[in-house]
Amino acid sequence: MDADAKDGRDPKETERLRVGTAVRRRRRALDLTLASVAERSGLSVPFLSQIENDRARPSRRSLQRVADALETTADRLIAASDAARTVTVSRADPAAPADGTPAAPRTRRLVHGRHQLEALEFCGEHDTEGEFQHRNDELMYVADGTVEIEAEGRAYRLGRGDTLFLSGGVRHRWRAGGAETRVVVVTVAEHIETPPGG
């Protein structure tokens, strides 16, 4: 029996909770600043910031104060936070022929649903039509083959194992040659706002 049970307290009352994502989303939905939530809840701005970034886990009592300030309940914040934590596995693409013959070019989504990251796998020959300019950062990893990229007027050639990082706003286009080429592109989702220079 733990100490809380011996004291007659519900262990949930002293459980430290990880609810940062849910708190941040709720605060932004209400268009509130950390300072205004601090004023409403009686908690400090630094502590609220640590909660939102999951560097601090509030007690049930502190979470209730945050929930009151955000015009919701602690249970709803916990449920929203639990729903936001996702673990998924994306298995290898079975479409690749087992006999070693080249497969048709294809694109496969590696992250499903609405999350902060988006990831695509490109197999075979690809040539982007026109330039891209994404709002947020992007990472390209060449697992096999070669890729030619033009970014801000400069040309780059990537081979197996090479990685290219593009910060948000960089204009670029790319082409993958050869049926054996496999490229993974990971981006911060367009609906995520990142601070300038952050």
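The values are calculated or read from the model by the stated rules, or taken from the named source; none is laboratory data. None of the values given here were measured: they were computed from a predicted structure. All Cβ positions, glycine included, derive from the backbone under ideal geometry; neighbour counts span all protein chains shown. Each accessible area value is taken on the protein alone, full model and side chains, heavy atoms only, with ligands, DNA and RNA left out. Shrake-Rupley method; radii C 1.70, N 1.55, O 1.52, S 1.80 Å.
Key figures
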| item | result |
| --- | --- |
| Residue list for segment 18-46, filter: in a loop (DSSP other than H, G, I, E, B) and without any contact (Cβ under 8 Å) to a residue 40 or more places away in the chain | Asp31, Leu32, Thr33, Gly42, Leu43, Ser44 |
| Segment 136-156 residues that are free of Cβ contacts under 8 Å to residues at least 60 places away in the same chain and at positive phi, paired with ones that are open to solvent by less than 20 Å² (accessible area, probe 1.4 Å) and among the aliphatic types (A, V, I, L, M) (beta carbon under 8 Å, 6 or more apart) | Gly145/Ala176; Gly145/Val183 |
| Residues (at pLDDT 90 or above and among the acidic types (Asp, Glu)) located in segment 55-87 | Asp68, Glu71 |
| Matching residues in segment 118-157 - criterion: being among the hydrophobic types (A, V, I, L, M, F, W, C) and over 24 Å from Ala189 (Cα atoms) | Ala155 |
